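Below: the structure, in structure tokens.
The values are calculated or read from the model by the stated rules, or taken from the named source; none is laboratory data. Since the structure is predicted, the reported quantities are computational estimates derived from the model, not experimental observations. Cβ placement follows ideal geometry from the backbone for every residue including glycine, while neighbour counts extend to all protein chains displayed.
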Amino acid sequence: NRLICDKLNIKPNDALLFFSSQRDDNWLKPFLDQSIGKLPELGWKKVAIMSPGFPSDNMETLFDIDIEARKLFMDAGGEKFSFIPSLNYNEEWVDAIWNIIEKM
């Protein structure tokens, strides 16, 4: 997170929300679904969302984040919601994983 925020020149604590479909009060906070709708009123009209913990997109990233979180943000007055896909079938990613497997 720190490296990404450094590259984008934003403060990590101003740009971090957590998502998990399996959560309880012990999970990392703030929760995405409880916070993303508040961003437009705080002046964050454009957001880019990524899930660095997922090497490939799945129901959590494609539906819960790209569809549901997008709707919450846009309905609250957001102007632009950019969903950054996971690595999926990126050649460099596949090569890196293959190299790790070969070394095992």
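Observations
- Residue match in segment 39-51 (condition: closer than 19 Å to L8 by Cβ, of a type in the set (F, W, Y) and surrounded by 12 or more Cβ atoms within 10 Å (Cβ to Cβ)): yes
- Selection of segment 37-56 for residues being under 13 Å from the mean Cα position of the chain (by Cα) and more than 22 Å from K7 (Cβ to Cβ) yields only S56.
- Long-range neighbours under 6 Å by Cβ, at least six apart or interchain, first residue under 19 Å from Q34 (Cα atoms) and surrounded by 15 or more Cβ atoms within 10 Å (Cβ to Cβ) within segment 52-76, second modelled with pLDDT of 90 or more and among the hydroxyl-bearing types (S, T, Y): none
- When segment 1-57 is filtered for residues that are more than 21 Å from L72 (Cβ to Cβ), modelled with pLDDT of 85 or more and of a type outside the set (S, T, Y), only P55 remains.
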